[in-house]
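Presented below is the structure to which this report refers.
The values are calculated or read from the model by the stated rules, or taken from the named source; none is laboratory data. Please read all numbers here as calculations on a predicted model, not as lab measurements. When we count neighbours, we look across all protein chains shown, and the Cβ atoms used for this are built from the backbone with ideal geometry, even at glycine.
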Amino acid sequence: MPLVKDGKITGDEFIHVADDAEVPGGGAILLSSTRFLGDPEALSRRAGKTGVIWPNNRDLDDLVPYLDRLAVVALVFPTFRDGRAYSQARLLRERHNYRGELRATGQVLRDQFLFMLRAGFDSFEVKKPADAEAFAITVKRYSVFYQPTGDGRMTALHRRMMLRHSESASP
Amino acid sequence: MYAYDELDRTLINERVEEFRDQVKRRLSGELTEDEFKMLRLQNGVYLQLHAYMFRIAIPYGTLSSEQLRRLAHVARRYDRGYGHFTTRQNIQFNWIKLAELPDALGDLAEVGIHAMQTSGNNTRNVTSDQWAGVAPGEIEDPRIWSELIRQYTTLHPEFSFLPRKFKFAITASPHDRAAIKIHDIGLRLHRNAEGETGFEVLVGGGLGRTPFIGKTIKPFVHGRDLLSYVEAILRVYNQYGRRDNIYKARIKILVHELGIDKFAKEVEDEWQEMRDSDTALTLDDAMIEDIRSRFTYPAYEKLPHTPEELKKAAHDPLFERWRKNSVSTHKVQGYAIVTLSLKPVGGPPGDATADQMDALADLADKYSFGEIRVGHEQNLALPHVAKRDLPALWNALDKIGLATPNVNLVSDIIACPGLDYCSLANARSIPIAQELTRRFANHETADLIGRLHINISGCINACGHHHVGHIGILGVEKNGEEFYQITIGGRADENAELGALIGPAVPYGEVADVVEDIVEAYLALRARPDELFVDTVKRLGVEPFRERVYATR
Ligand code: SF4
């Protein structure tokens, strides 16, 4: 499954560690939330990079205390129809100021890329290779956005206000 | 009218291109039907019994004559020459070809019409009072706020995959014509004690399998806070709405299971966290003003209250009959709002042919400043007609079959497409409606009966809003046969209520008889000739009706 990060297809340095496997001291790993919450203090302070896969029905409050020590938070789309992780993503970015990698995982398809990007995701475990290749074009489909999110894209309402200002400022 | 600017136009065109690409990928097999299904639903395309159905949004029910002509064009070029107006200010075409859909959308986009989010589990077309901006006594034009909500909910990155569909309705009049109490979020614009305008917010209304009347979650939300408050509701719903059972996924179930107080507290907590954050959705006056400035109103003339033309025409009883139930008071003296019945005797409710649409667009140009409205009752309206033009307009409407004098009367029936088109249906709706319009074709009898709304749904999904019909008819299936449950006493206005079952379900062939019996019982039971059917039911309850209707069955 290709990983798209910062707009490009890249290799994944993170290894999924199963719940019953031993956690290596070094190296970049992804853990389940259950495993991580078993010993969050130690796991978030290990030498290698640590990431957590957070299910979409688990309260983020349990994760928040460790956010600045995590390299990745991976949010889950069990099917593309289940949109809970969009809210989690915005909360992590906009309310809890999470600045690490925010990864979309599960049934991640082309036609969700832009929504995900706008919600704050910056890496994507993409289901189909063709979708991953189309990433760069797909996220340019739209140039107008109606709602403010933490992604910084200017909304139509704000652009109109700017336009009005420049109109009234010019002679 | 709301005039789209460059930004709105760009977004619609970008949506058309996106959909063109999605259709292409489906036709080439790159997308599975399961994957494509969600994508097409997000753009109003259903797979029905015989073909794809294409649902187009008419936000807050306002259309220009140019837009109506374009709908006629789509009906002719891509469909079978007619369209069907729905209970949610949409129009549907029933015979569209998938490969041609992107072109149809492209043609519509040229005049600022789209089909975004007219189906699927997202925020749907925002509906409002079809008399917005012209109704006397309105706080202000609710379409300004409808448009703000329309923009805010269009392609929302967080709320495009909700547990289930989500519908907004907005009213700004004391009399609710937008049925806000049966919507997921209902908004009533009003003034608080300080004279500021804001919204009473209702939540959790909806029909379907488990009907609920919406409950007030907050009595007053200032206009500038409307979007952030709505976002708080949507976020709570997105996270906690049920996804395990499609029948329990609407927000009404969440509100019901948590209780309105607990739900309100969840929303309030969320709102307090986010209302002033960086990305706050707080609207400043300039933004609201900008939207307001793009709604234009006609340059009305100063006209007499009762022009000569109207006095003369009053001698014609046919004109008078039509005027009495089709013409309503306008906020500007000398003008009137004219409702056009799409319920001809024997016709399917809500259908209009391409020729009718074109002719009506011409009449709108001539008599209504080029504007047409669409109401949830599946009728159309011309919102700015000079009263002196009423007789001429009536003649012209009569020629194109749009002057049936039955607005708000017993044959002004709301019905869903039912088994004739819909793959979910248990029973037919349209033929029941057609039969009823024949039974009550006598206008004298209809006048005598007075205001009476019949609503018909072909299954429990309740697209015909049967729960809130004064008489509600619901198609069910019993041992492979079409049966109908009949309720009475429902209403969708500011006093919204769910109807009560009058007795056991009856077979297809008996529905019209039962309805006739109910109406007869009402005529015998009403206290005065002007006591409306719903008021008689309210006063007496269902029992006396049940006795009379079922005594001989
Ligand atoms: S009420 Fe049922 S039959 Fe009628 S349109 Fe809706 S889903 Fe179809």
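Restricting to region B:98-138, name every residue that is at pLDDT 95 or above, in contact with a Ser or Thr (Cβ under 7 Å, 6 or more places away or on another chain) and surrounded by fewer than 21 Cβ atoms within 10 Å (Cβ to Cβ).
Residues satisfying the conditions are B:136, B:138.
Within region B:361-401, take every residue that is among the β-branched types (Val, Ile, Thr) and buried (at least 22 other Cβ atoms within 10 Å of the Cβ) and give me the one that is farthest from residue B:58 (Cα to Cα).
B:385
What number goes with the only condition from (1) closer than 29 Å to residue B:528 by Cβ; (2) of a type in the set (Val, Ile, Thr); (3) more than 11 Å from the ligand (Cβ to nearest atom) that residue B:432 does not pass?
Going through (1) closer than 29 Å to residue B:528 by Cβ; (2) of a type in the set (Val, Ile, Thr); (3) more than 11 Å from the ligand (Cβ to nearest atom) one by one, residue B:432 breaks only (1).
For a quick check of your reading: which helices (runs of 4 or more DSSP H) sit entirely within region B:31-145 and have at least 1 residues that are under 28 Å from residue B:401 (Cβ atoms)?
Of the helices (runs of 4 or more DSSP H) lying wholly inside region B:31-145, those with at least 1 residues that are under 28 Å from residue B:401 (Cβ atoms) span B:65-78, B:101-109.
For region B:394-403, does any single residue satisfy the condition of being within 24 Å of residue B:129 (Cα to Cα) and out of contact with any Phe, Trp or Tyr (no Cβ under 8 Å at 6 or more places or on another chain)?
yes
I need the full set of residues from region B:375-433 which are at pLDDT 95 or above and acidic (Asp, Glu), in order please.
B:389, B:398, B:412
Mind checking which residues of region B:403-420 are under 19 Å from the mean Cα position of the chain (by Cα) and either buried (at least 21 other Cβ atoms within 10 Å of the Cβ) or within 14 Å of the ligand (Cβ to nearest atom) (or both)?
Within region B:403-420, B:406, B:407, B:409, B:410, B:411, B:412, B:413, B:414, B:415, B:416, B:417, B:418 qualify.
Which of the following residues is out of contact with any helix residue (DSSP H, G or I) (no Cβ under 8 Å at 6 or more places or on another chain), within 21 Å of residue B:175 (Cα to Cα) and modelled with pLDDT of 95 or more: B:470, B:466?
Just a single option satisfies the conditions, and that option is B:466.
Please determine, by comparing only the residues of region B:288-317 that are in a helix (DSSP H, G or I) and free of Cβ contacts under 8 Å to residues at least 12 places away in the same chain, which one is farthest from the other protein chains (Cβ to nearest Cβ).
Selected residue: B:317.
Working carefully through the options B:264, B:314, find the one that is farther than 30 Å from residue B:212 by Cβ and either at pLDDT 95 or above or among the polar types (S, T, N, Q) (or both).
Being farther than 30 Å from residue B:212 by Cβ and either at pLDDT 95 or above or among the polar types (S, T, N, Q) (or both) holds for just one of B:264, B:314, which is B:314.
What is the one condition in (1) under 16 Å from residue B:372 (Cβ atoms); (2) surrounded by fewer than 21 Cβ atoms within 10 Å (Cβ to Cβ) that residue B:61 does not satisfy?
It fails just one condition, (2).
Could we say that residue B:337 is closer than 21 Å to residue B:62 by Cβ, in contact with a strand residue (DSSP E or B) (Cβ under 8 Å, 6 or more places away or on another chain) and outside any loop (DSSP other than H, G, I, E, B) here?
The answer is yes for residue B:337.
Check region A:7-16 and report whether any residue there is part of a strand (DSSP E or B), surrounded by fewer than 15 Cβ atoms within 10 Å (Cβ to Cβ) and under 15 Å from the mean Cα position of the chain (by Cα).
So far as region A:7-16 goes, yes, one or more of its residues are part of a strand (DSSP E or B), surrounded by fewer than 15 Cβ atoms within 10 Å (Cβ to Cβ) and under 15 Å from the mean Cα position of the chain (by Cα).
Residue B:273 versus (1) modelled with pLDDT under 95; (2) assigned to a loop (DSSP other than H, G, I, E, B): which is the lone unmet condition?
Result: residue B:273 fails condition (2) only.
Considering each of B:6, B:17, B:33 in turn, give the residue that is more than 24 Å from the chain's Cα centre (by Cα), surrounded by fewer than 17 Cβ atoms within 10 Å (Cβ to Cβ) and away from chain A (no Cβ under 11 Å).
B:33
Tell me which of these residue B:444 doesn't satisfy, since it passes every other one: (1) more than 13 Å from the ligand (Cβ to nearest atom); (2) modelled with pLDDT of 95 or more.
(2)
Regarding residue B:509, is this residue without any contact (Cβ under 8 Å) to a residue 60 or more places away in the chain and surrounded by fewer than 16 Cβ atoms within 10 Å (Cβ to Cβ)?
Yes: the conditions hold for residue B:509.
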